[in-house]
Structures are given as C-alpha cells and as structure tokens.
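Single-structure report; data block below.
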Amino acid sequence: MELAVKSTFDLVKVREQFPILDQSINGKKLVYFDNAATSQKPLRVINSLTEYYRGYNSNIHRGIHTLAEKATKAFEDTRDAAKEFINAANREEIIFTSGVTASINLVASSYGRAFLNEGDEIIISGLEHHSNIVPWQLIAIEKKAVIKVIPVLENGELDVVSYKKLLSVKTKIVAVNHASNSLGTINPIKEIIELAHGANAVVLVDGAQAGAHLEIDVQAFDCDFYCLAAHKMYAPTGVGVLYGKKELLESMPPFMGGGEMIKDVSFKGTTFNDLPYKFEAGTPNIADVVAFKEAIGFINEVGKDAIAWHEYELLQYASQRLASLDFVRLIGTAKEKVSVQSFVVDGIHPFDIGQMLDARGIAVRTGHHCTQPLMDSLGLEGTVRASFAVYNTKDEIDLLIEGVERTIKFLK
Ligand code: 7TS
C-alpha cells in the first residue's frame, strides 16, 4: 500500500450508519464478510431511495413538469459525482448501466462488433471474473477473433513477462481487472495499459473490486474503458458505470436501441442521441442511480485513504491469524491486495466451512466466485473467501478465526 500518512475515522460512527449490521443471525451477532459480493448500504443511501419514491419519483429527461425536472437533476448530479470520483475529463464519458456485467457486454458487443476482424486477438487474464471472460468469448466466436490469456503466478499476481510476449500487432483489446475478486490481487494496470497502448490496443479495466477500495483516476491510468459496480461501493444493486474515452464512445455504434438513445426516428432511418444518452436506451434505474451519489458521498466523507488503511490492517490481521491455523492454506498472497482473503482447509470442503460459519452468524462466500478458470489453474474446486469493508472490525476477525478453528476441530 502506498499510503504515507495513516488516516483514521470513527469506526463506531461508521457502523451506526449501517443498520443491517445490528442484528443476530442464528442467535449470534452478524459478522458480514461477503463484501466482495456486495457491500451493505448506509442510512444516507437507504434514505435517499425513500425520499426519491416518497417525494419526486418521475421519469427523467423528457418531462417538463416539476417532479420530472427534480428527478432529472438528481440523476444527472450522480453523473457529475461519478465523473469526479474517477476523475474523468467529461461527464459525457460516464454511462450508467446495470452493473459491471452490463458494461463489459456493452463494450464487447459494440466496440467488438465495430472494430474486431478475423484473426484479431483479445487478451484477458487468468484472474478474470466470468463477466470479463464470457462476453469476449461471445464476440470472439462472432468475429472469428482469438482470446489469449495472461497466466497467473503462484502467489496470485499476473505474469507480466508473459503478458509482454502475448502482445503483438494482432492485439486489439486487453481486458483485465483492477483487483481480483477471488484473490484480492491488485494488478499493475498502469503498466498493463501502457504496454497495450504500445501495441495500439485499447484497454478495458474491470474495476468491480476497486471502486470501494482504491484511488481511481482514469486520466492518470489512461485506460480506454473502466467499469464500476455501484453495489460493491455501498450503493444499491442494479447500477454500474461504464467510463469510456469520448472519442472511442463516439466511434462506437449503439448497443441497445429504444427510447432516449435517439434524436429522430422515422421508418427511413434513425439518428442517434449524443453521449452519454446514445448508450442509455430506455428508462434507467433512476432511484438507484440517485442513491449512488450518496454512496459516493459516504466514501468521500470517510476518505479513501482512511478506508484503505483500515482495510489493510484488517487484511494483515486476518491473513496472519488464518495462516497460523493448522491445515489452513491461504490462497492469494500477492504483495498488493485489496481486502479479500481466500483460504482452503485441507480435507474440508469450502461449503462445509461456510455452513459452519453461518451457524455462528458469520457470512463468508464459498465456491469458485465466478472465476472457474482461475480455480482450475490453482487446482481447486473453490475457496472460502472473507472480504472486508469499512465497517468491519478486528473483533469480528477474531470471531472468524474462532469459527474456523472450531470447524476444523469438529470436521477433521
Ligand atoms: N468483475 C469482478 C471482478 C467482480 O468481482 C464481479 C462481481 C463482476 C465483475 C460482476 O459484477 P456485477 O455487479 O455485474 O455482477 N463479483 C462477485 C463476487 O465476487 N461475488 O459475487 C459477485
């Protein structure tokens, strides 16, 4: 972690903003360690949804009445907040989608269909979530393109030396995650992007696991596309951001046709709307986009640095304590990681551990985490994954350790 000065926040006050945490599961205090799947939502996000539906629910852009104008302003305010959050140069570069899956499918379909030719190559990595694999496979089949895969080293880092060898004049697209959902590895995306640009390829960064944890500066990264999942950033489900460089988005054909994305429609032909609306066909997820602004506000208020410090300490503590347990093997030990720790216990199925932990009120995720090719390369069926967020505590990690210890005693 490149954090020079330790910054802190009031953990008790932060936890108070997440009412869901204050409950018992199976008679035990809830410990929520499934944040890489989706984070919990603070009161200001929940209240924003209620205020929207109680006060100004209305369809946006087309209406001239007061409610429609209020809803439109709130929706567009989130676009500005998202632009600031990732330091995009233009608000037109912020496209609202339903999530990272939708964003990647949009780019694969639209950019891929327009610019890929037979024999062209798409480079992805062995660390990718299925949603950064399958859309590329679909377009590769259609366009007779070829997918190449950056191998993963034993500690969960990408093999950058092999990546350099994969790049060639045939490479048209490189699609990698900023951070791995299964192992937590933070990838050297600046280097990956620079190398790809050297080969004249465009780069899509899947930032699903970065948005709540890492500084994002799309201009400094110089990425061509960047995808965010709002629901992993304390916002409601069903919202994502696709950032794309303006000139690229302008060069791409629409992905979905319908209302909102058009200027003029006639049976002779249709002209398309300007960015960002060209890629926002139909009525969007207005309420959840509006509430996303509150989630960005929450992250900014606590502070990315302070969040990163806290999560770094939780990760160090959890990984050290887990590693000290007999039969436990940590999976994913890259130098730079977000707050995700996967592990396996030799001789015990991850599902059994997950169930035993759930009986103690501890929510972890078990299985392949939608990264089956990664699990195959590691020779694993799956892992147990604990992922930490701003509201988690060391006391909760102690409960996890106690739960894993008891499970091992019981099942071994
Ligand atoms: N990319 C990465 C790296 C992810 O972690 C996820 C979701 C996605 C893409 C897809 O995001 P979505 O919001 O469109 O579904 N990851 C997980 C996970 O690790 N457990 O549940 C969802």
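The values are calculated or read from the model by the stated rules, or taken from the named source; none is laboratory data. What you see is a predicted model, and the numbers here were worked out from it, not measured in a lab. Backbone-built Cβ (ideal geometry, glycine too); neighbour counts: all protein chains shown.
Output the residue which, of all residues in the stretch 228-276 that are in a loop (DSSP other than H, G, I, E, B) and closer than 30 Å to P42 by Cα, is farthest from the ligand (Cβ to nearest atom). Before you say what the answer is, go through the steps one by one.
Step one: of the stretch 228-276, the residues in a loop (DSSP other than H, G, I, E, B) are 233-239, 245, 252-261, 267-268, 273-276.
Narrowing the set further to residues that are closer than 30 Å to P42 by Cα leaves 233-239, 276.
Numbers: M233: 10, Y234: 14, A235: 11, P236: 12, T237: 8, G238: 9, V239: 9, P276: 19 Å.
Among them, the one singled out is P276.
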| query | Can you name every residue in the stretch 89-129 that is on the phi > 0 side of the Ramachandran plot and away from the ligand (no atom under 12 Å from the Cβ)? | reply | G119
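Scan the stretch 130-142 for residues that are more than 16 Å from the ligand (Cβ to nearest atom) and of a type in the set (A, V, I, L, M) and jot them down.
Across the stretch 130-142, the qualifying residues are I139, A140, I141.
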| field | Test: E16 is surrounded by fewer than 21 Cβ atoms within 10 Å (Cβ to Cβ) and modelled with pLDDT of 95 or more | value | yes
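Taking the stated definitions as given, is I64 among the hydrophobic types (A, V, I, L, M, F, W, C) and without any contact (Cβ under 8 Å) to a residue 12 or more places away in the chain?
Values: among the hydrophobic types (A, V, I, L, M, F, W, C): yes; without any contact (Cβ under 8 Å) to a residue 12 or more places away in the chain: yes.
Here the answer is yes, as I64 does meet what is asked.
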| task | Would you mention how many residues in the stretch 282-308 are surrounded by fewer than 22 Cβ atoms within 10 Å (Cβ to Cβ), assigned to a helix (DSSP H, G or I) and not hydrophobic (A, V, I, L, M, F, W, C)? | result | 5
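May I ask you to say which residue of K148, K165, K172 is modelled with pLDDT of 95 or more and in a helix (DSSP H, G or I)?
On the way: K148 fails: in a helix (DSSP H, G or I); K172 fails: in a helix (DSSP H, G or I).
Just a single option satisfies the conditions, and that option is K165.
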| Tabulated pairs, the stretch 158-174, first within 18 Å of S377 (Cα to Cα) and in the same structural domain as E121 (by TED's automatic domain parsing), second exposed (fewer than 15 other Cβ atoms within 10 Å of the Cβ) and aliphatic (A, V, I, L, M), C-beta under 8 angstrom, 6+ apart or interchain | D159/L153
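Any idea which residue in the stretch 38-88 is farthest from the ligand (Cβ to nearest atom), counting only those that are among the hydrophobic types (A, V, I, L, M, F, W, C) and loosely packed, with under 15 Cβ neighbours inside 10 Å?
Of the stretch 38-88, the ones among the hydrophobic types (A, V, I, L, M, F, W, C) are 43, 45-46, 49, 60, 64, 67-68, 71, 74-75, 81-82, 85-86, 88.
Remaining after also requiring loosely packed, with under 15 Cβ neighbours inside 10 Å: 43, 64, 67.
Working: L43: 23, I64: 34, L67: 30 Å.
In this case the residue turns out to be I64.
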| Within the bounds of the stretch 240-252, is there any residue that is over 18 Å from E336 (Cβ atoms), surrounded by fewer than 20 Cβ atoms within 10 Å (Cβ to Cβ), touching an Asp or Glu at 6+ places or on another chain (Cβ under 9 Å) and of a type in the set (K, R)? | yes
| said: Residues that are aromatic (F, W, Y), at least 1 per element: which helices (runs of 4 or more DSSP H) completely within the stretch 311-412 meet that? | reply: 350-359, 394-411
| message | For F96, only one of the following conditions fails: (1) outside any helix (DSSP H, G or I); (2) over 21 Å from F255 (Cβ atoms). What is its number? | response | (2)
